[in-house]
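Data first, discussion second: the structure below is written as structure tokens.
The values are calculated or read from the model by the stated rules, or taken from the named source; none is laboratory data. From a predicted model like this one, the values you see are computed outputs, not experimental measurements. Every residue, glycine as well, gets a Cβ built from its backbone with ideal geometry; the counts of neighbours run over all protein chains shown. Side chains included, ligands, DNA and RNA excluded: accessible areas come from the protein's heavy atoms. Shrake-Rupley method; radii C 1.70, N 1.55, O 1.52, S 1.80 Å.
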Amino acid sequence: MCGIFAYTGNKGKEAGKILLNGLLSLEYRGYDSAGVYMPESGSVKTTGAVAELRRKLPKDFKGTSGIAHLRWATHGEPSEKNAHPHADCGGEIWVVHNGIIENFKELKEKLSKAGHTFASDSDTEVLAHLVEEHLKNQSAGGGSSSGGKNFEKAALAALNEVRGTYGIALQYKREPDRIIAARMGSPIVLGLGDGEHFIASDPAPILPHTRKVMFLEDGEVAVITPGKHRIFRLDSTTVKRKATEIDWSAEEAQKGGYEHFMLKEIMEGPEVVRNTLRGRLIPAKGFAKLGGLESVTKQLQRIDRIIIVACGTASYAGQVGEYMLEGHARIPVEVEIGSEFRYRKAVVNERTAVIGISQSGETLDTLEALREGKRHGALTLGIVNTVGSTIARETDAGVYNHAGPEISVASTKAFLSQMTALALLTVFLGRQRGMTEKEGREIALALKELPEKIEKILEQRGAIEQLAKKYSKNRDFLYIARTYNFPVALEGALKLKEISYIHAEGCAAGEMKHGPIAMIDGNFPTVAIATKDSVYEKMISNIHEIKARKGPVIAIATEGDREIAKLADDVIHVPKTMEMLSPILNVVPLQLFAYYLAKEKGLNVDRPRNLAKSVTVE
Ligand code: M6R
């Protein structure tokens, strides 16, 4: 997803260098083109990587302020012409933008009639022309550009005219040290330095310079100069906001010695589960303590139904949560994909809790689904990894994952932490609703043992790498499982397709005979999750059905299960845990399998084509 970074400083630092380094730390969001503008030097854009942008910069590209952008195409193909920053007719007003200007066509028409000429197909460009038009009208009315007031007024007028979503940074050539930022649905963070200020779409590029940040809310505008920052609303009323100290280290966002962020993040699994559990379990009493939900204790007692809303991997965590919460806390749960829920007329009322699960906390479809729930009076909760993100701030209460920043586009450690948080929620709500102390204790103890068990799976990564090599020529895979692990089959297939571009389908093993089994032959391997649980025998029957059609089978089986090796072509063993928690173990070999397969194919594992880390458009 697009990334914004802007800088203004009076410390004699080279802004170009700061801006390019900032873009590098935003690369993980996924992008197709990059660009930078500095009032003293002009603009340079490129399709492709930041490294290419760096190569293209002339030697004398220097200055003390500027705006920079990584673009992920929404309107107009990925090309240099459509890359940001975009400018007005005079090349004086420059803008970088995340989001979509929904009324750009009508604005473009109006501006074209007024004599503006457009250089790109991008919706963003209208913003620069709109500001230009307002500035022109002001000077026609006799205004002077003292202290940037006219630029601010023009920017505000333009922002009040556009509809849609935006996170933007605007700069005016004649006032080089002033940058205006605004937010409507797309995140914007201010970084507060000493004699320098920053604007970015997330804290990553700001952290090497300062830990002091401020998050803009929707409908807010910020103006930064080297020595000052101000926040106000679109109606010009002043906003007073306290700075937040971010405690991530910049190193946390580095690869930590692994070849890819994805592997690093898979290897962090044990620590991540420990961090999600830390301070939240009282095993002796079979309780879970979730401080983030204390403020809504009474409302939680009133709810009679939960709707989980999420997208992609987070939605599969939600499906595991459905099995956990219904199976052990006995609360009716439905899981809805954010993009579906937001547009259908679901039955929601004040006795419903709508829980949004999101690593980034910015996924627009999940956010809008939560807002839809709120409109109908539901209690809204978040299971979110990114502190201070929009979902974290807009929900009534929630549980943070504490998984640390996830850089690789493919979600791995966040998935583990989401399922762990859902297990905690199951104990938390279950104990309020008739779960016995014995059952609570059993889950709590099993949860505590998970990190060591994940470590045992990670030790087998060499063998899993060999397996990936063996199957790297196959073009199709089927993933099957039942009950708690059915969502893990879906997740295993998603992981494989998103980073290796190999066709993979996840299916409930019982559904195989209703269609998918027709695909099976000697070239169509099946990954079968068949750990020792209540549906083990059923899974064994399904594996027999596949073998009868000569389909190769890779089984995920419980340690000590020797019988399955007689049936399956390859077996990955995982430690035993209680059935409810088995997804948290069983997904790990599937993540490793997908990783090594993509690596074997020489693909860009951390930044798969066409995908973005944070999906802030619908
Ligand atoms: O940030 P979120 O958890 O809300 O993101 C949801 C999905 O976009 C995300 O899980 C996506 O499916 C990943 N690429 C999966 O690896």
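The number of residues in region 313-347 that are closer than 19 Å to Ile391 by Cβ, touching a helix residue (DSSP H, G or I) at 6+ places or on another chain (Cβ under 7 Å) and small (Gly, Ala, Ser) comes to 5.
Here's the yes/no breakdown for (1) within 16 Å of the ligand (Cβ to nearest atom); (2) among the aromatic types (Phe, Trp, Tyr):
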{"residue": "Leu293", "(1), (2)": "no, no"}
{"residue": "Tyr323", "(1), (2)": "no, yes"}
{"residue": "His376", "(1), (2)": "no, no"}
{"residue": "Glu394", "(1), (2)": "yes, no"}
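For region 419-432, the criterion of being within 13 Å of the ligand (Cβ to nearest atom) and modelled with pLDDT of 95 or more is met by at least one residue.
Per-residue answers, yes or no, for (1) without any contact (Cβ under 8 Å) to a residue 60 or more places away in the chain; (2) in contact with a strand residue (DSSP E or B) (Cβ under 8 Å, 6 or more places away or on another chain):
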site	(1), (2)
Pro451	no, no
Tyr471	no, yes
Glu491	no, yes
Gly510	yes, no
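Glu406 - would you say it is within 13 Å of the ligand (Cβ to nearest atom), open to solvent by 30 Å² or more (accessible area, probe 1.4 Å) and either closer than 16 Å to Lys613 by Cα or part of a helix (DSSP H, G or I) (or both)? Taking the combined requirement at face value, the residue does not satisfy it. Tell me, which residue of region 276-288 that is within 16 Å of Gln418 (Cα to Cα) and of a type in the set (Lys, Arg) is surrounded by the most Cβ atoms within 10 Å (Cβ to Cβ)? Per the stated criteria, the residue is Arg280.
Residues in region 64-104 that are assigned to a loop (DSSP other than H, G, I, E, B), over 15 Å from Asp121 (Cβ atoms) and open to solvent by less than 10 Å² (accessible area, probe 1.4 Å): Pro85, Asn103. Residues in region 378-392 that are open to solvent by 20 Å² or more (accessible area, probe 1.4 Å) and either more than 10 Å from the ligand (Cβ to nearest atom) or outside any loop (DSSP other than H, G, I, E, B) (or both): Val387, Ala392.
Of the residues making up region 357-373, those that are closer than 12 Å to Glu336 by Cβ, free of Cβ contacts under 8 Å to residues at least 60 places away in the same chain and more than 7 Å from the ligand (Cβ to nearest atom) number 1.
The strands (runs of 3 or more DSSP E) found entirely in region 520-618 that carry 2 or more residues being under 22 Å from Pro451 (Cβ atoms) are 553-558, 570-574.
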